Amino acid sequence: MDSHARELKGTMIGLTAIIMWSTLATLTSYCKAVPPFQLTAMAFTIATGIGLVWMRCQGHAMANLRRLPLNAWLLGVSGLFGFHFFYFMALRHAPVVHASLISYLWPLLIVLMSALLPGERLRWYHLVGALAGLIGASLLVTGGSSFSLGSAFFVGYGFALLSAVTWSGYSVLSRLFQAVPSYSISGFCGVTAVLAFACHLLFETTVVPSGLGWLAVLGLGLGPVGGAFFTWDVGVKTGNIKVLGALSYAAPLLSTFLLLALGMAEPSWALGVACLLIVGGALLASGDMLFRLGKQLSSN
């Protein structure tokens, strides 16, 4: 497999994480009574179990996790746990719309930071595509309404910005750890589950899910708060990281469409404009990869 084919495959695998993240709002709505840190601990526990079973099926012993470099552990745990910790703290200190919008700077930051990686170049269409996606995501989060950032919530805004920097930094720096196998995410998920449970005991009161809530928790562990991190790891290590950054803005768009299909949201002009901006921005940012793919297909 040549380098371009490998990059395309990695990008497609990374795209599955974005698709899984689009189910986050829907699944969370079925267990919204469960506090966020408790829900994170439960979902990451499931993800850890899935990862360990996958390791076993692939013939990898659990002892291999102990042989991972310390800096890989620090990056993985700080990325997975740090992002969720800062984001949930932002929600405790700022309105959800403001915190979500600031946190969703992470795809744009991935595109910008990727220029610092060896062999990567940031071109104007990568930046413009990511900015278009950010504007589209902003419309989805705000519903097209204007808002102002009140000074009373600056602490929350700071946490939201830290969540964006943490996840984008983790995603970009993972590129430097290509030799670290993706099954390492199993260990990172396990430590994240323990830390999330500790935060739950510190900040929250336990709520036992009921009915469909248990299935939703299982779905979160299988998908957006679990399985997605394994495929994202493959994507950022071997795929086109700038394209993945721009494509990440499709997550809130797909999430909104899913909520519409289930009758949990209403259509609006903001949704239509956001769709054009996000899809157009993703296509623009993916221009070089799509050009290479078209050229490869025509030559075959």
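Laboratory data are not the source of any read-out in this text; all were calculated from the coordinates shown. Source: prediction; values computed, not measured. Here the Cβ positions follow ideal geometry from the backbone for every residue, glycine too, while neighbour counts run over all protein chains shown.
Between HIS93 and SER268, what length comes free when the chain is fully extended (0.36 nm per residue of separation minus the Cα-Cα distance, one decimal in nm)?
Gain in length upon complete extension: 60.1 nm.
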Extension length gain for VAL191 and VAL279 (0.36 nm per residue less Cα distance), in nm, is 28.1 nm
Over the chain, the sum of -39500 (n - 2.57) across DSSP H runs of at least four, divided by residue number and rounded to 500 deg cm²/dmol, gives at 222 nm -24000 deg cm²/dmol
For the range 180-186, Karplus-derived ³J(HN,Hα) couplings (6.51, -1.76, 1.60; θ = phi - 60°; whole Hz; x for glycine and proline) come out as 7, x, 5, 5, 4, 4, 4
Convex hull around the C-alpha positions of the range 153-267: the volume in Å³ per residue is 164
A correct Stokes-Einstein calculation for the chain, using the alpha-carbon Kirkwood radius, 10 °C and 1.306 mPa s, returns a whole-number D in µm² s⁻¹ of 80
The whole-number value in µm²/s of the Stokes-Einstein translational diffusion coefficient for the range 24-112, with Rh from the Kirkwood sum over alpha carbon pairs at 37 °C and 0.692 mPa s, is 210
Between ASP2 and ARG121, the two model label points (7 Å from Cα along the beta-carbon direction) sit apart by a distance in nm of 1.8
Restricting to Cα pairs under 8 Å and 6 or more apart, the percent relative contact order of the range 70-164 works out to 52
Residue separation between CYS57 and LEU215 times 0.36 nm, minus their alpha-carbon distance, gives in nm 54.4 nm
Expressed as a whole-number percentage, the relative contact order of the range 5-158 with C-alpha contacts under 8 angstrom and at least six residues apart is 23
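So what is the relative contact order of the chain, in percent, for Cα pairs below 8 Å that sit 6 or more residues apart?
Contact order relative to length: 42 percent.
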Taking a straight Cα-to-Cα line shorter than 12 Å from LYS237, and setting aside same-chain aspartates and glutamates fewer than 8 residues away, one finds GLU7
